[in-house]
Amino acid sequence: MKSMLEHELSNLSSREGFDSGDPLSVMGISLDDETSRFLSVFASATPSIRVLSQMLSYRSDQDQDAFLEQLGQVMPDICFLDLDRNRRSAVVLAERIHESRPATAIFAVSSQSQPNAILEAMRCGCSEYLIKPIDRDQLANAIMRISGRRKEKQDRTRAQLLTFMGAKGGCGTTTLAIQLAALLANSCSRSTLLLDLHSDFGDAALYLKLTKTKYHFFELLENTDRMDADFLQSFVTRHSSGLDLIPAPEGSVETRESLPVGALARTLDFLRPRYEFMVVDLPPSLNEDNISVIRDSDQLYLVTVAEVSAVRNVVRQLEYLQKRDIPRDKIQVVLNRHSKRNVVTDAQIERVIEQKIFWRIPNQYPQVVKTIHEGDPIAQLPNSEVTRSLQQWAEVIGRKPGMEDKKKEGGILGLWSR
């Protein structure tokens, strides 16, 4: 049976319209018993917050680095910091948290209500000051403010997820994904991450000549509990074009079936606020993990060539994705190695797949192989038809305001000199 406090908090969360889909994670630091119980009851009565842990002390000055390291592993959205037990230590800790973990909001909790005490807390990085005993309406409003700021930030910085999948092997899917991603990073000056999700023998690192990588994407999936900005950097490799890459393993992932449930979705959610574009090279398989990636994608590009077997596979893929309730407008068909002399014509392909071909990449296979050999997807072919086609595609996706004026000043190839 619910206590009176739980009942009132439940009614409050309904009135305030808390979003129950994505609760804010909370850590309590040196809270007194009454505040600790209040926070636990509040969390159990409303879906707005989730208490990760409660630390019993501020730790000594000598232990604060270890404390911050532990905090970084947890990465809470909010720290409730009690200032009353040792105000000096609490203020120093608040300053350290604010400096090293600026994304974490600090809620100061204290029995002191003097203006000087509140001002001191604000100066050391606390975004809210809650006076004991905590008023539930005040707490609810403070949480709503943090939730609103997080949503605004996610909406503002959330990367577009562009997924490439081939109709079959040998369609040039990896090459197109790499070239488009590099153009978004270089010519369009967009922060771009390329993910090679081939669990068996991915080629993106080889094509970019970035083969001296330490870790691969599936090792990142196995360590979602340790994920933070510093940990991520050990997986990311930067190409000279400005493109970031998290590679596939060089061999096969034997532990593929033992990955934590939901690890793929959590990893993509963690990566998306850090980039403007994420380009995924997905193997041609419609397993549950790949379907999950496709659902999260803003756009799926099915790459095919003008061959009967490849076009037939596109039809099968479209039919299967329709059965899985993937919106048709999310799926675009890209025709690679296009030539007017192809035996299978564009009109025949469009009739069979029942939609227009989104983009055609000219057939200049020897030149494209050269880019793979050189390890530079954009600098080797500045005057080729393939590059011009991909450049136009990248501009459609990633053009920033003012890019058109620069293009007029230097011509389309002027973009390559940046």
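The values are calculated or read from the model by the stated rules, or taken from the named source; none is laboratory data. All values derive from a computational prediction rather than experimental measurement. All Cβ positions, glycine included, derive from the backbone under ideal geometry; neighbour counts span all protein chains shown. SASA here: full protein model, heavy atoms, side chains in, ligands and nucleic acids out. Shrake-Rupley method; radii C 1.70, N 1.55, O 1.52, S 1.80 Å.
Is at least one residue of the range 186-193 open to solvent by less than 10 Å² (accessible area, probe 1.4 Å) and polar (S, T, N, Q)?
There is at least one residue in the range 186-193 that is open to solvent by less than 10 Å² (accessible area, probe 1.4 Å) and polar (S, T, N, Q).
Table: residues versus (1) free of Cβ contacts under 8 Å to residues at least 60 places away in the same chain; (2) not polar (S, T, N, Q).
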| residue | (1), (2) |
| --- | --- |
| I131 | yes, yes |
| A142 | yes, yes |
| T163 | no, no |
| L180 | no, yes |
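If you scan the range 144-173, which residues turn out to be open to solvent by less than 20 Å² (accessible area, probe 1.4 Å) and either at pLDDT 90 or above or in contact with a helix residue (DSSP H, G or I) (Cβ under 8 Å, 6 or more places away or on another chain) (or both)?
A159, L161, L162, T163, F164, M165, G166, A167, C171, G172, T173
Given the range 169-230, what helices (runs of 4 or more DSSP H) lie entirely inside it while holding 1 or more residues that are closer than 18 Å to L302 by Cα?
Working: elements: 173-186, 204-207, 217-221.
Per the criteria, 173-186, 204-207.
Looking only at residues in the range 59-91 that are modelled with pLDDT under 90, open to solvent by 10 Å² or more (accessible area, probe 1.4 Å) and of a type in the set (A, V, I, L, M), which one is farthest from P23 (Cα to Cα)?
A66
Got a number for residues in the range 285-305 being open to solvent by 50 Å² or more (accessible area, probe 1.4 Å) and under 25 Å from E350 (Cβ atoms)?
Matching residues across the range 285-305 total 1.
Any residue at all in the range 268-284 that is more than 28 Å from Q233 (Cβ to Cβ) and open to solvent by 20 Å² or more (accessible area, probe 1.4 Å)?
Checked the range 268-284: at least one residue is more than 28 Å from Q233 (Cβ to Cβ) and open to solvent by 20 Å² or more (accessible area, probe 1.4 Å).
In the range 96-135, which residues are at pLDDT 90 or above and in a helix (DSSP H, G or I)?
Scanning the range 96-135 gives P115, N116, A117, I118, L119, E120, A121, M122, R123.
Which ones in the range 92-129 are crowded, with 17+ Cβ neighbours inside 10 Å and of a type in the set (S, T, Y)?
T104, S110, S127, Y129
From the list V315, V280, V311, pick out the single residue that is among the aliphatic types (A, V, I, L, M), closer than 26 Å to G398 by Cβ and in contact (Cβ under 8 Å) with a residue 12 or more places away in the chain.
Values: V315 fails: closer than 26 Å to G398 by Cβ; V311 fails: closer than 26 Å to G398 by Cβ.
Sole residue among the options that is among the aliphatic types (A, V, I, L, M), closer than 26 Å to G398 by Cβ and in contact (Cβ under 8 Å) with a residue 12 or more places away in the chain: V280.
Evaluate the following for R136: is it within 28 Å of E395 (Cβ to Cβ), crowded, with 16+ Cβ neighbours inside 10 Å and among the charged types (D, E, K, R)?
For R136, the condition - within 28 Å of E395 (Cβ to Cβ), crowded, with 16+ Cβ neighbours inside 10 Å and among the charged types (D, E, K, R) - is not met.
Of all helices (runs of 4 or more DSSP H) completely enclosed by the range 308-418, which ones contain at least 3 residues that are at pLDDT below 90 and open to solvent by 40 Å² or more (accessible area, probe 1.4 Å)?
Answer list for the range 308-418: 365-374, 403-410.
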